[in-house]
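Below you'll find the structure, written out as structure tokens, and then a few comments.
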Amino acid sequence: MITISKEDYLKAIAEAEDEGETVISATLAHWLGVTRPAVTTALKRLKKDGMVAVKNDGRIQLTPQGRQVAERIIFRHLLIERMLSEIFGMPWYEVHDEAERLEHAVSPAFEKKLVEKLGNKDTCPHGNSLSLRSPAERRKKGQCLLSEAQPGTPYRVASIYERDRKLLDFLEHEGIRPGTQLSIRDRNYDGTLSLAIERKMIRLGVPAAERVWVKKS
Ligand SMILES: [Zn+2]
């Protein structure tokens, strides 16, 4: 029996690996908002269960078995987000936190029901998809970060980093959500971008612009 916190660790390691980050215990402490000693204890247990391997230099990697458990949770997360959004009409910026809690309670039978009901679309309400997870894969598909986009060119928001609720609320408030059409008017001296979004202009700082993937439209 895998407990919720173990599943969270495995998922965090898988997601950090997918984002191309080197996973060390500091990465995990940061991602999960826990202390370093808590990470050490959890890793010890996960190692004993054959879910992770820790290299001599401290790098943490999932074993094939750990990867399998993580992928299952990531898939269930996407299904729950889609259920909340498509069946219950919950706004896109709220579904991630809810899915973080519910994903652990999904049984294989309920998972099957969800797939039957929702179909096989592999994109979540944030625009993130199971088949396009690493920055390298996204670039191959013609996406770039909003912070790197070319001024004057029209873009469409492809996806948004979903693990930061404050960021999602902020972007929603500014009118930036998956599918939004925008273009950069100017890169300002203070590092912000002047963006034309539909009929309004906003200024957006780089920390937010680095969390948004766009594609030329
Ligand atoms: Zn999502």
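Summary of values
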quantity	calculated
Test: residue in the range 148-156 that is out of contact with any helix residue (DSSP H, G or I) (no Cβ under 8 Å at 6 or more places or on another chain), within 16 Å of the ligand (Cβ to nearest atom) and not hydroxyl-bearing (Ser, Thr, Tyr)	no
Within the range 146-197, considering residues that are within 20 Å of the chain's Cα centre (by Cα) and aromatic (Phe, Trp, Tyr), the one nearest to GLU19 (Cα to Cα)	TYR161
Count - residues of the range 47-86 that are over 13 Å from CYS124 (Cα atoms) and open to solvent by 10 Å² or more (accessible area, probe 1.4 Å)	22
Answer from MET83, MET90 - the residue that is part of a loop (DSSP other than H, G, I, E, B) and within 16 Å of the ligand (Cβ to nearest atom)	MET90
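The values are calculated or read from the model by the stated rules, or taken from the named source; none is laboratory data. Please read all numbers here as calculations on a predicted model, not as lab measurements. Methodologically, a virtual Cβ is constructed for each residue, glycine included, from the backbone with ideal geometry; neighbour enumeration extends over all protein chains shown. Ligands, DNA and RNA are stripped out before the accessible areas are found, and what is left, the full protein with its side chains, is counted by its heavy atoms. Shrake-Rupley method; radii C 1.70, N 1.55, O 1.52, S 1.80 Å.
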